[in-house]
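Accompanying notes for the structure given below.
The values are calculated or read from the model by the stated rules, or taken from the named source; none is laboratory data. Please read these numbers as outputs of a predicted model, since none were measured by experiment. Glycine gets a Cβ as well: all are built from the backbone with ideal geometry, and neighbour counts include every protein chain shown. All accessible areas refer to the heavy atoms of the entire protein, side chains included, with ligands and DNA or RNA removed. Shrake-Rupley method; radii C 1.70, N 1.55, O 1.52, S 1.80 Å.
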Amino acid sequence: GAKKYIERLTYAMRQPQNEEEFFEDLEGYNPQDKIRLIQLGPSDRSAGAFLANFAKAYAFRQKRCLADEEDVRMIAVDCLSHRLRLTQECGSIFRTHHRNTITEFQFQQLIMTKILEHVPIFASRGK
């Protein structure tokens, strides 16, 4: 359910084992360089608790009593992007390839979106 998905998501943000796969299509990122993009991600205790509460509120606004993985996914970028601390190498990619098109926060959102693409949802609503 939503709780396990939050745990997997926050773990992927803290310990991206396959960072090369996560960001392979990010402009300016070369997987062969083996650089890390994420220095520090959110804890599953603090950020996870906030994300769970926001997911419940989102589900309630959708007239449902329980939050599921899809609710978490819908709000994760807005709730967690600012919790990413990116490495200096990642900052260099932003300054070199993205500064003229998006803001630094939008770049963090892009990184968060890439992470979400690689953390699968196991259960779907209504199936």
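P(r) for the chain: what percent of alpha-carbon pairs falls in each 5 Å bin, starting at zero?
Final binned percentages: 2, 11, 21, 23, 18, 12, 9, 4, 1, 0.
Just give me a number: lysine pairs in the chain, eight or more positions apart or cross-chain, with C-alpha atoms less than 23 Å apart.
Taking the chain as the scope, the lysine pair count is 11.
GNM on the chain, C-alpha springs below 10 Å: top fluctuator among Leu116, Leu51, Leu66?
The residue with the greatest mean-square fluctuation here is Leu66.
So if R0 is 25 Å, what FRET efficiency would Cys65 and Arg45 give, r being the distance between their Cβ atoms, rounded to the nearest 0.05?
Efficiency computed from Cβ-Cβ geometry: 0.50.
Leaving out ligands and nucleic acids, and using a 1.4 Å probe, what accessible area per residue does region 50-100 come to in Å²?
67
Of the accessible area of the chain, with the probe set at 1.4 angstrom, what percent is carbon plus sulfur?
Carbon and sulfur together cover 50 percent of it.
Evaluate the relative contact order of the chain (contact order divided by residue number), counting alpha-carbon pairs under 8 angstrom at least 6 apart; express in whole percent.
Over the chain, the number comes to 33 percent.
Can you give me the long-range amide H partners of Ile38? Hydrogens built in the peptide plane at 1.01 Å from N, cutoff under 5 Å, separation of 5 or more residues or another chain.
Thr87
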